[in-house]
Amino acid sequence: MSSQMTPEELAQLPHDDRGPQILAIHWTLTAFATIFLGLRIYAKHLTGRNLWWDDWVLIAAWVRRQPSSYIIKQLIESLPGYPSCHRRYNHQHDRRKRAGPSWLGPPNSRPGHIP
């Protein structure tokens, strides 16, 4: 017996994915942290005060968080439970981007194409 599920069986499975909610919460908190840090630095600049060690720690943490945000986004979108419509769109978009303009024809028919 095959362990592969048919598309009909997959459609019957529950689709209670939390990925979009996690991303929404993550990006909301990211926006809040960015606004807070920006206003803090702006207030220091406005009052003519220099940045102290705690400000630099906050800036370093914010910079360090940027790659983590990208990794979290990629991990959530690559999980099997992530809505397939998003994955399918991204895959088609990437394929179109790699293929180039349609008026040039298929990628393997272009001059200089190495199979």
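The values are calculated or read from the model by the stated rules, or taken from the named source; none is laboratory data. Quick caveat, the model's predicted, so the values are computed rather than measured. All Cβ positions, even for glycine, are placed from backbone atoms using ideal geometry, and neighbour counts span all protein chains on display.
General remarks:
- Candidates are the residues of region 19-34 that are surrounded by fewer than 11 Cβ atoms within 10 Å (Cβ to Cβ) and closer than 12 Å to LYS73 by Cα; the one that is modelled with the highest pLDDT is ALA24.
- Cross-chain or 6+ apart pairs with Cβ under 9 Å, region 43-70 first and touching a residue at least 24 places away in the same chain (Cβ under 8 Å) and closer than 21 Å to LEU29 by Cα, then of a type in the set (Ser, Thr, Tyr) and surrounded by 10 or more Cβ atoms within 10 Å (Cβ to Cβ): TRP62/THR34; ARG65/THR30; SER69/THR30
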